[in-house]
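Since the structure comes first, as structure tokens, the remarks are kept for the end.
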Amino acid sequence: MTGADNLSTPIEHNRAAILALGITLGHERLARMVGVQVDASLLNEIAAVRAGTVLRGRDDWTKHYTVSAALAVLQHPFASDAAGIMKEQLDALAQGSGFSFADLAADRADVRFAAAATHSDAAAQAMQARLQRGFPVADFFPPVADLPENLTVAQFRRDYGGVGSSGYRLVAAEIERRLDGCPGLSPRP
């Protein structure tokens, strides 16, 4: 099967669409990972599309959501999850925005979206049909604004004990429970 033949499958169409969303709404650096040259005019077009694109009122969640899905289809869902956790730890360490469970929820939502959209040809076709009817946010991303955010390293360790601890796992389980309630994140057609 040639590369062109691969793009004829519903799974490959969805993978390509997810990568395009990751590049456009997430970060243009993803283009380099797939060998696409991004010139100044394309950067301007990307910036125009990205400007004002929000998920539940926040542009950072759009970036988390789309980059995580792109990484999941480019590498592996575990690599995408690990990158999201590492980014949050760096945000807490480097005087950034702090550790955010809400950001992790956005990461996990789109890892699940990528899996649902590429699980099988039947699931890929079902996702295409679903998205032709629109993108009801609640079907793909639950409310998460109440999850802890902006945690310094000291706050994170004090309140949650660190990644993998029982406190962390409780919040992670809550995120997964909320994602389970999103019908668009199921790989079943």
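Distance from a point 7 Å along Cα→Cβ of LEU170 to each backbone N in region 122-150: keep the residues under 20 Å and list them by number.
Label zone hits: 144-150.
Just from its helices, what would the mean residue ellipticity at 222 nm be for the chain, if runs of 4 or more DSSP H residues each count -39500 (n - 2.57) and the sum is divided by every residue, rounded to the nearest 500 deg cm²/dmol?
-19500 deg cm²/dmol
Provide the per-residue ³J(HN,Hα) series for region 121-126, in order, calculated from phi with Karplus coefficients 6.51, -1.76, 1.60 and θ = phi - 60°, each as a whole number of Hz, with x at glycine and proline positions.
For region 121-126, the Karplus curve yields 4, 5, 5, 5, 5, 4 Hz.
What is the set of long-range amide H partners of VAL34 at a cut-off below 5 Å, with H atoms built 1.01 Å from backbone N?
Placed amide hydrogens put nothing under 5 Å from VAL34.
Assuming 0.36 nm per residue, please report the length gained on full extension of the stretch SER97 to THR9 beyond their Cα-Cα distance.
27.6 nm
What's the angle, to the nearest 10 degrees (0 to 90), between helix 101-118's Cα axis and the longest principal axis of the chain?
The helix 101-118 is inclined about 30 degrees to the chain.
Taking one equal scatterer on every alpha-carbon of the chain, how large is log10 of I(q)/I(0) by Debye at q = 0.12, 0.14 1/Å?
So the normalised log intensities work out to -0.60, -0.81.
Mean-square fluctuation check for the chain, GNM, Cα pairs under 10 Å: which of ASP110, ASP60, ASP39 is largest?
ASP39
Could you give each residue of region 62-75 its phi-based ³J(HN,Hα) in whole Hz, using Karplus coefficients 6.51, -1.76, 1.60 with θ = phi - 60°, and x for Gly or Pro?
Once θ is set to phi - 60°, the couplings for region 62-75 become 4, 5, 4, 4, 6, 5, 4, 5, 4, 5, 5, 7, 7, 10 Hz.
Amide H of LEU55: which non-local residues (sequence gap of 5 or more, or other chain) have their own amide H closer than 5 Å, using H built in the peptide plane?
Sorted by chain and number, the residues that satisfy this are TRP61, THR62.
Using only Cα atoms and rounding to the nearest 10 degrees, what angle (0 to 90) does helix 77-93 make with the longest principal axis of the chain?
The answer is roughly 40 degrees.
Each reported figure results from applying straightforward, stated rules to the coordinates on display, with no laboratory input. Fair warning: this is a prediction, and the values are worked out from it, not measured in the lab. Quick reminder, even Gly has a Cβ in these numbers, built from the backbone with ideal geometry, and neighbours come from all protein chains shown.
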